[in-house]
Amino acid sequence: METTVANQPYQVNEKGYYGHFGGAFIPEMLYPNVENLRDNYLTIIQSPEFQKEYNDLLRDYVGRPTPLYRAKRLSEKYGTNIFLKREDLCHTGAHKINNTIGQILLAQRLGKKRIVAETGAGQHGVATATVCALMDLECIVYMGALDIERQAPNVARMKMLGAEVRAATCGSKTLKDATNEAMRHWINNPEDTHYIIGSVVGPHPYPDMVARFQAIISEEIKWQLQEHTGKENPDYVVACVGGGSNAAGAFYHYLDRPSVKLVAVEAAGMGVNSGHSAATTALGKPGVLHGSRTILMQTDDGQVVEPFSISAGLDYPGIGPQHAHLFASGRGTFLSATDEEAVQAAFELTKLEGIIPALESAHALAALGRLGAGPNDTVVVNLSGRGDKDMATYMKHLD
Ligand SMILES: *Cc1c(COP(=O)(O)O)cnc(C)c1O
């Protein structure tokens, strides 16, 4: 991992900003926690002792490096050269554990006794409960009351792993409300609790910290692509964006290589203009959400608009501040895929390659036909997770 370098235009600056986005917009009660984290995170995670434990766990516990797989039949179908980065093969089924492993090691070194987290579909909750079991730390996961009903298997997993699942009963009883409750818990227990945020969102230094823990994805892609093709730079890197952590990890080591096109795919839900969408850059405006200045879906008077997507992991009204900057600066290309297109892409990958992707990852696959990639191009798609958790949805589409 590299230190912050001032002349990297797409990385966080000394003040916690990516261009006009980022910062730490938090209640005064949280200042000591966030300052403690900000002042210590780089020193801790860059220490050789931390790096050794982190990398050993990624290898032996998570199962890294995850393969970079040349998808031959998918490549033929789209007339280009497609590689899948297999984050779906990580322990617990998605990239999220790269981040929770890093944050639990950090929490230990900060002397914390308890972990609090938010979760939507339960994927981040499961990844957090897993590392808490591993490290024997108390774990409290806030989850919207509605999501608790909709995601029974993940609630059961978290409980089996020893976590306490607490229902957020305000608002729409979903992810945004769970995040508010988790933050409130942290404010009330600043001494002994660490808050593990699940994506590249929240006040500085969270977006940078989470991106660094996910940067292992592009670190591996570079040498794996070199082995496959003799070049470490692809022409396109494609990833879905909820908050943006798997995309941030897949983009990280390519940010300063302008020949590599960075393509982020948002969830259009029932259609960008249907009123049931989570296509943040298409619909949103700058504002403050969960502690940072970013782009979010909001009404004219600044109320957060409820997002909608078939995939719970993309059902978020904002994006991380680095992505807002990539969008505003033009460094990133932002596309979207509807529910229907994502489901079709999931069935296509399954039939062509024998891999059932998570619904979130299927949004990235749905953009393959729209990249304009040709026979001489190399495309890396970050397959952020596997589809086991989405079988109930997929079964509705089986005929
Ligand atoms: C949570 C999740 C996402 C969305 O989160 P990001 O922070 O945008 O990566 C994407 N894919 C899978 C499989 C997930 O579980």
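Computed values, structure above
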| quantity | calculated |
| --- | --- |
| Subset of the range 360-388 [surrounded by fewer than 24 Cβ atoms within 10 Å (Cβ to Cβ) and within 13 Å of the ligand (Cβ to nearest atom)] | Arg386, Gly387, Asp388 |
| Residue that is farthest from Thr280 (Cα to Cα) [pool: residues in the range 342-359 that are touching a strand residue (DSSP E or B) at 6+ places or on another chain (Cβ under 8 Å) and open to solvent by 20 Å² or more (accessible area, probe 1.4 Å)] | Glu353 |
| Every residue from the range 317-341 that is in contact with a Pro (Cβ under 9 Å, 6 or more places away or on another chain), open to solvent by 20 Å² or more (accessible area, probe 1.4 Å) and within 16 Å of the ligand (Cβ to nearest atom) | His325 |
| Scope the range 126-182; condition in a strand (DSSP E or B) and surrounded by fewer than 16 Cβ atoms within 10 Å (Cβ to Cβ); matching residues | Glu138, Glu164 |
| Test: residue in the range 275-286 that is surrounded by 24 or more Cβ atoms within 10 Å (Cβ to Cβ), within 16 Å of the ligand (Cβ to nearest atom) and at positive phi | no |
| Single residue of Ser199, Ser245 found to be within 12 Å of the chain's Cα centre (by Cα), within 14 Å of the ligand (Cβ to nearest atom), under 21 Å from Ala342 (Cβ atoms) and open to solvent by 10 Å² or more (accessible area, probe 1.4 Å) | Ser199 |
| Selection from the range 252-274 of residues that are free of Cβ contacts under 8 Å to residues at least 60 places away in the same chain and open to solvent by less than 70 Å² (accessible area, probe 1.4 Å) | Tyr252, His253, Tyr254, Arg257, Val260, Ser274 |
| Failed criterion for Ser199 (all others in (1) free of Cβ contacts under 8 Å to residues at least 40 places away in the same chain; (2) polar (S, T, N, Q); (3) closer than 30 Å to Ala392 by Cβ hold) | (1) |
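The values are calculated or read from the model by the stated rules, or taken from the named source; none is laboratory data. Just so you know, these numbers come straight off a predicted model, no measurement behind them. Cβ atoms come from the backbone with ideal geometry, glycine included; neighbour counts cover every protein chain shown. The protein model used for the area step is the full one, side chains on, heavy atoms only, and it has no ligands, DNA or RNA in it. Shrake-Rupley method; radii C 1.70, N 1.55, O 1.52, S 1.80 Å.
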